[in-house]
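Note sheet for the following structure.
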Amino acid sequence: MKIGVVCYPTYGGSGIVATQVGMDMAALGNQVHFISYSLPARLDVTLPNIYFHQVSIKNYPLFEYQPFSLALSTIIVNIAETQGLDLLHVHYAIPHAYAAYFAKQILMQKGINLPIITTLHGTDITLVGKHPVYKSGVEFSINQSDYITSVSESLKRDTYEVFSIKKNIEVIPNFIDNDLIKDTQPCLRGNFVSTNEKLLIHVSNLRKIKRIDDVVKIFNLVQKKIKSKLLIVGEGPESETIEKLTHEFKLEDKIKTIGSIQNVPCILSVADLFLLPSEQESFGLAALEAMACSLPVISSNAGGITEVNKDGFSGFASPVGDVESMAKHAIYLLEDDSRLQKFKKQAKEQALLFDKKKIFPMYEDLYHRALLLK
Ligand code: GMT
């Protein structure tokens with residue numbers, strides 16, 4: 001198969017899932033063409049069967065906003081024609097499903113049929129997509145996709161609620177390569193905490209929706225009872241909030257921020273607990289990655305998180321904003337080592353439900369069905 005993949009190149013979950021599915025398809029001998037505005041964070045272009053095409057936009061002084069969707073449709077058409085794409089998989093509807101629709105129309109004029117799969121990831125529906133400035137365009141383009149998938153049951157429900165979608169949405173949960181995690185070389189725990197301290201961790205793109213202030217507030221309550229440190233991995237607009245609260249709570253020597261890093265499992269593997277108090281989360285890939293590294297998760301119960309983090313088993317899920325409850329659960333786990341070990345084992349067990357070997361074949365099957373439309 002010759003597959004086109006459109007995704008965001010950033011450290012966000014949608015780009016990571018897109019990259020993983022594409023690289024796995026390439027490993028099976030399919031030719032995979034990634035299309036994005038820069039090289040996706042985890043894409044290894046040195047592997048066989050993988051190609052990267054950059055959407056480059058010419059600046060023209062007339063435009064205050066450069067026409068990205070137009071450039072994307074055009075490059076899709078060019079690649080489909082020159083490489084003979086069999087199907088196109090777009091991750092995150094905005095504006096990828098829209099650009100895909102126009103590319104499909106242009107190709108149709110040339111006698112080429114390009115089946116389109118759109119995978120919905122979260123804020124393309126729950127936050128950005130439902131905004132009146134985008135809503136009708138997003139709804140239209142999702143409906144024009146040949147196949148639609150969503151990363152959780154919760155996101156599927158939200159999509160049907162927000163939009164008038166006439167097609168079936170298939171749920172294909174995000175997955176994790178547990179074999180890869182097993183082979184990860186852990187970092188030195190001693191670089192972050194001393195022997196009698198616990199290490200809490202949060203990984204995200206530090207956007208408002210992640211409720212970073214709650215991460216710091218939870219930790220502030222925890223560190224009063226348990227000798228511990230907090231490590232925050234990632235970059236984003238809320239980094240100032242972290243600084244402000246760290247200063248306010250006088251936690252400068254207990255909270256460390258380290259920006260975005262390539263090898264997240266290396267750090268996860270030496271931590272004790274993962275915090276994810278998000279306002280909204282269609283799935284919570286970061287939590288799954290943590291659980292695969294045997295970390296219990298203290299999270300909110302927003303969106304699809306509870307499909308991933310089983311309350312009372314792989315960790316605990318509390319109402320959004322209930323920092324007292326989240327801190328209480330964190331302390332409950334951290335104060336008793338045998339309890340913590342039990343939850344660590346259970347977190348790993350839960351992560352195995354989302355193992356690549358179980359989930360990836362669902363994408364493979366979908367690709368084969370899409371191919372029949374060609
Ligand atoms: O940044 C991204 O790549 C997408 C991001 C978002 O903000 O929409 O993450 C979403 O997609 C991930 C992968 O499917 C999910 O694990 C996240 O839960 C989801 N984020 C939200 O729904 C807020």
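Just so it is clear, none of the values below were taken in a lab; they were calculated from the coordinates. In this text, all values refer to a predicted model and were calculated from it rather than measured experimentally. Neighbour counts run over all protein chains shown; Cβ positions are idealised from the backbone, glycine included.
The angle between the Cα long axis of helix 323-334 and the main principal axis of the chain comes to about 70°, on a 0 to 90 degree scale. Maximal additional length on extending the N191-D322 stretch stands at 44.1 nm, based on 0.36 nm per residue less the C-alpha distance. Highest mean first, the peptides 90-98, 6-14, 319-327 sorted by other C-beta atoms within 10 Å per residue fall in the order 90-98, 6-14, 319-327.
Every pair of different Cα atoms in the stretch 1-101 enters the Kirkwood calculation, which places the hydrodynamic radius at 13.7 Å. Result for the chain in a Gaussian network model with C-alpha springs under 10 Å: among F274, F63, F192, the largest mean-square fluctuation is at F63. A simple spin-label model places the labels of Q54 and Y160 4.3 nm from each other, with each point 7 Å out along Cα-to-Cβ. Rounded to the nearest 10 degrees, the angle from helix 356-371 to the longest Cα principal axis of the chain is 10 degrees. Pairs spanning more than 20 Å between alpha-carbon atoms, out of K110/K167; K217/K250; K227/K328; K210/K244; K244/K344; K156/K208: K110/K167; K244/K344; K156/K208. Plainly put, the chain has a radius of gyration that is 0.99 times its Kirkwood radius, both from alpha-carbon atoms, as the Rg/Rh ratio. Protection proxy ranking, highest mean first, for peptides 280-293, 72-85, 132-145: 280-293, 72-85, 132-145, where packing is the per-residue count of other beta-carbon atoms within 10 Å, averaged. Take each peptide in 356-365, 122-131, count the other Cβ atoms within 10 Å of every residue, and average; sorted highest first, the result is 122-131, 356-365. Projected label points at Y332 and A71, each 7 Å from Cα along the beta carbon direction, are separated by 5.1 nanometres. Rg and Dmax, both from the Cα atoms of the stretch 184-283 and both in Å, are 12.9, 36. Restriction of the trypsin sites (Lys or Arg not before Pro) in the stretch 238-316 to DSSP coil positions whose beta-carbon has at most 12 other beta-carbons within 10 angstrom yields K250. Between 0 and 90 degrees, the angle of helix 153-162 with respect to the longest Cα principal axis of the chain falls at about 60 degrees.
Rounded to the nearest 0.05, what FRET efficiency do E153 and H247 have when you use their Cβ-Cβ distance and R0 = 51 Å? My answer for the efficiency is 0.80. Stretching the chain fully between I261 and E170 yields a gain of 29.5 nm (0.36 nm per residue, less the alpha carbon separation).
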